[in-house]
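Beneath this line is the structure, given in structure tokens, with notes to follow.
Coordinate-derived values only; no laboratory data. Keep in mind it's a predicted model, so treat the numbers as computed, not measured. Here the Cβ positions follow ideal geometry from the backbone for every residue, glycine too, while neighbour counts run over all protein chains shown.
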Amino acid sequence: MVLIRVANESELKEAISLRIRVFVDIQKFPLEEEVDEHDQAALHFVVKADERSRVIGTLRVLNNGEEAKLGRVVVSPEHQGQGLGKQMMGFVEQHIRASPDFANCTQIRLGSQLDKQEFYLKCGYEARGDVYDELGCPHIWMYKHIKR
């Protein structure tokens, strides 16, 4: 069993380090694009093996009123393939459904790297629109309706 929750200050620092390791060091996205102005306003979630372990997964949620925008979804490479990403997505979706802060939210949207699209389809998302380029990487918008 894993621990999934809203990040505290020290966990947020670990989450950003994990994002930099995966998105910048491994996937070669520019560092200056990884940590951005949206991090201040976002609600950050983390996955940990237990209370004392390091962050092994993270994502952020921006509340845009009628829409929650997920981003920076990542599980550490050594923990991928264990269902942690799916657990994290489910936890965050439940949080969005239950939280009064997201009371007007009717859908979740995220920009998926094209090679990760199958993961989001398995999580119940649907692709809409054309493939677009983001920093040299093909992406597609994915959506999920929120049922209350």
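Which order do the peptides 104-114, 131-141 come out in when sorted by mean C-beta neighbours inside 10 angstrom, highest first? Could you put the intermediate results ahead of the total?
Details: 104-114: 16.8, 131-141: 12.9.
Going by the mean number of other Cβ atoms within 10 Å, highest first, we get 104-114, 131-141.
Which loop-located GluC sites (Glu not before Pro) does the range 1-66 contain, where loop means any DSSP state but H, G, I, E or B and the Cβ has at most 14 other Cβ atoms within 10 Å? Spell out each step's value before the answer.
Numbers: sites: 9, 11, 14, 32, 33, 34, 37, 51, 66; in loops: 37, 51, 66.
Listed in order of number, the matching sites are 37, 51, 66.
Just add up the charged neighbours of residue 48: K/R +1, D/E -1, any other residue whose Cβ is under 12 Å from the Cβ of residue 48. Mind showing how you got there, number by number?
Values: positive: 5, 52, 54; negative: 11, 14, 50, 51.
It works out to a net charge of -1.
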**OP:** Determine Rg/Rh for the range 3-145; Rg is computed over alpha-carbon atoms and Rh is the Kirkwood hydrodynamic estimate from the same atoms.
**Re:** 0.93
Subject >> In order through the range 63-75: 3J(HN,Hα) via Karplus (6.51 cos²θ - 1.76 cosθ + 1.60), integer Hz, x for Gly, Pro >> reply: 8, 9, x, 7, 9, 9, 10, 8, x, 6, 7, 7, 10
**OP:** Assign unit charges at the C-beta atoms only (+1 for Lys and Arg, -1 for Asp and Glu), then state the dipole size of the range 3-145 relative to its Cα centre in Debye, rounded to the nearest 20.
**Re:** 520 debye
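Percent antiparallel among DSSP beta bridges with both residues in the range 3-145, to the nearest 5?
On the way: 29 of 33 bridges.
The antiparallel fraction comes to roughly 90 percent.
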**OP:** Considering Cα pairs under 8 angstrom that are at least six residues apart, work out the relative contact order of the range 1-49 and quote it in whole percent.
**Re:** 67 percent
